[in-house]
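Below is one structure, written out as structure tokens, with a few remarks after it.
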Amino acid sequence: MKSTFMLPKTRKGWISLALIVFVIVLGSWPVIPFFNKETIVFGMPMLMVWSIVIIVITTSTLWFINKIGGVK
Amino acid sequence: MTMYIPLLITISYMIIAVLLGYTAGKGKDMNNAENWGVGSRSMGPITMYLLIAAGGVSAYTFMGSPGWAYSKGVPALYVVVYLTYMGVIAWYFGPKVWELGNKYKYVTQSAAISDRYESKPLGGLASIVTSIGVLAYAVLQTTGAAYILNVMSYGMIPTWVGVFLSLGVISIYLYRSGLKAIGITNAFQGGLMFVVSWFVGLWATNQFTGGYSFRPIFERVQADIPEFLTLPGGLGDMNVTFWTTSILISVFSIWQTHWIQWMGAASKQSIKRAATLLPTFYIVLIPMIAVGFIGIFMYPNLNNPDTVAIQMAVDNMPVVVAGLLGAGTLAAAMSSSEPCIHATALSYSKDVLQPLFKWDEVTAGKWTRRLIFPIMAFIIAPISIMEPASLVYILLIGYGFIGQAFPSIIGMFFWPRATKYGAFWGLFAGFVVTVLFSFVITHPLGVHAGIWGLLINTSVFVLVSLVTKPASKATIERFFPDRYEELYEDEHVKKMPETSA
């Protein structure tokens, strides 16, 4: 028996996987330092605004992947 | 007399919850584990949205988020981010889990683990050990519910009465209607929490600033305590590494409760639609976090930061608003504890007692819902009343362990070569490392103990799986039907010359 790991089989599948990883990265170590500032934007701390942006981007990404049928 | 209005509002919420939950299972035979356990797999996207969302927002989140904002500042936002990502997990795994459960009639995570790894003891072990974390979480919520009842009654309802009152209310509708009751009460509780959070947040903002913008609050923070606006926060204990790893371990923790909730959906599409919009619910935390920041200036010397929002409501807000916050927080506590009680009863019955005593489906069905009573009376209630200091430690271990089940789940959907020995030893090694790095050498290099555990777990899982015998071809074919031919391609090729010869 092969010890293959089940990876996406289509281009849409790979794009969807890349988008999900991208969304997770937005709230993690490589990106967070850029928003870890005392600056106030729209009346809120920058990190609070970024957390709300992550919510919007995440929902939009999931909606987009549903639309293209990237994840069955 | 007006002092009792908050308590009246809180009690009214409990009565409405009982009525909604009790009638939810009308016309269904609740002695059937399929009906009681997964609500006959009948929930649409709106109920699923509120069921999962309200289950995620606990009393700890409702009281703890303002508490963290009060004591640390922006580190409180990590909860918003990890709950958002848990929506991604629900969206990705939920439909897969539902499909598998619908096809092979699993109702619990452990049942699927037993089947995939061809080992009932592994499923039973997974059920018992993951229940430690789930029950600790239920105890925390019950303690929170009792605290709210105590505050709203101005001390008239002591902790032990509050514990029995909140568990008693849950038991009525949970016994009667199972997951259907959780679905309908969570929908009500979710709606209530959303409204109350914004209402209280904006009310407190108006009282503090004279307007409805958060800007004056944060400008004051920026001027007086700027360290509260960035990581590692006011206490200096959450750097970017710990923020990231805390989010990741929470995302990797697929709870037994989540699994069962997904199973209750009417279709794969119901879960997908609900989970796509799920992150939007967690904006509910933003106004409560703002309340925590306001508390920094209103209560500079508060002993317990988690009480900041309730304290502010009781001292400064009209009794109706205070009552609504009490009801909202109680809703958050109950909506999080009831799925834990339900999932534990279901899993103990189906994954531990049924194989142990060789019960048939009818006997298991009858016992499943009855198990909620001993679980509440002999585990949750006494521990909640004792309020042990070590509870947080139990919860820490629990979280660590729940996250350790992740490689086994990956083996269920993505890696056919995974074996029961790999799953068992990976789980064991991950658990030991998580305990070690939670209590002895705390979070080395600022990385969450659970992530260290997961790294070791995954390595052991892969190595042991590669040197042990995989599951039978029949099992692999059921779990990986699309790739079956490809997986055994070499063997087909080897066999072909023999056949032709």
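The values are calculated or read from the model by the stated rules, or taken from the named source; none is laboratory data. Note that the coordinates shown come from a computational prediction; the quantities given were computed from them, not determined experimentally. No Cβ is skipped: glycine too gets one built from the backbone with ideal geometry, and neighbour counts run over all protein chains shown. The area values use the complete protein model at the heavy-atom level, side chains included, leaving out ligands, DNA and RNA. Shrake-Rupley method; radii C 1.70, N 1.55, O 1.52, S 1.80 Å.
Residues in the range B:203-212 that are within 13 Å of chain A (Cβ to nearest Cβ) and open to solvent by 60 Å² or more (accessible area, probe 1.4 Å): B:212 alone. Of the residues contained in the range B:252-266, none is found to be at the interface with chain A (Cβ under 9 Å from one of its Cβ atoms) and touching a residue at least 40 places away in the same chain (Cβ under 8 Å).
Within the range B:452-492, the residues that satisfy the criterion of being open to solvent by less than 50 Å² (accessible area, probe 1.4 Å), within 12 Å of chain A (Cβ to nearest Cβ) and in a helix (DSSP H, G or I) are B:465, B:475, B:476, B:479, B:484, B:487.
Taking (1) closer than 13 Å to residue B:122 by Cβ; (2) modelled with pLDDT under 90 in turn, residue B:431 satisfies each apart from (1). Tallying residues that are open to solvent by 60 Å² or more (accessible area, probe 1.4 Å) and either in contact with a His (Cβ under 9 Å, 6 or more places away or on another chain) or under 18 Å from residue B:129 (Cα atoms) (or both) within the range B:434-451 yields 1.
Summed over the range A:1-14, residues that are open to solvent by less than 50 Å² (accessible area, probe 1.4 Å), out of contact with any Asp or Glu (no Cβ under 8 Å at 6 or more places or on another chain) and within 11 Å of chain B (Cβ to nearest Cβ) total 2. Can you find, within the range B:121-133, the residue that is nearest to the other protein chains (Cβ to nearest Cβ) among those that are surrounded by fewer than 24 Cβ atoms within 10 Å (Cβ to Cβ) and of a type in the set (A, V, I, L, M, F, W, C)? Looking at residues that are surrounded by fewer than 24 Cβ atoms within 10 Å (Cβ to Cβ) and of a type in the set (A, V, I, L, M, F, W, C), I get B:122.
May I ask you to verify whether residue A:12 is out of contact with any Leu (no Cβ under 6 Å at 6 or more places or on another chain), among the charged types (D, E, K, R) and touching a residue at least 40 places away in the same chain (Cβ under 8 Å)? I'd like the intermediate steps shown before the answer.
Details: out of contact with any Leu (no Cβ under 6 Å at 6 or more places or on another chain): yes; among the charged types (D, E, K, R): yes; touching a residue at least 40 places away in the same chain (Cβ under 8 Å): yes.
Yes: the conditions hold for residue A:12.
Just one residue in the set A:26, A:17 is closer than 24 Å to residue B:218 by Cα, more than 7 Å from chain B (Cβ to nearest Cβ), under 11 Å from the mean Cα position of the chain (by Cα) and surrounded by 15 or more Cβ atoms within 10 Å (Cβ to Cβ); that residue is A:26. Scoring residue B:306 on the criteria (1) more than 28 Å from residue B:200 (Cβ to Cβ); (2) open to solvent by 10 Å² or more (accessible area, probe 1.4 Å); (3) touching a helix residue (DSSP H, G or I) at 6+ places or on another chain (Cβ under 6 Å) leaves a single failure, condition (1). Scanning the range A:47-67 for residues that are surrounded by 14 or more Cβ atoms within 10 Å (Cβ to Cβ), more than 8 Å from chain B (Cβ to nearest Cβ) and either charged (D, E, K, R) or over 13 Å from the mean Cα position of the chain (by Cα) (or both) returns a single hit, A:49. So, in the range B:147-178, of the ones that are outside any helix (DSSP H, G or I) and open to solvent by less than 30 Å² (accessible area, probe 1.4 Å), which residue ends up farthest from residue B:305 (Cα to Cα)? It comes out as B:157.
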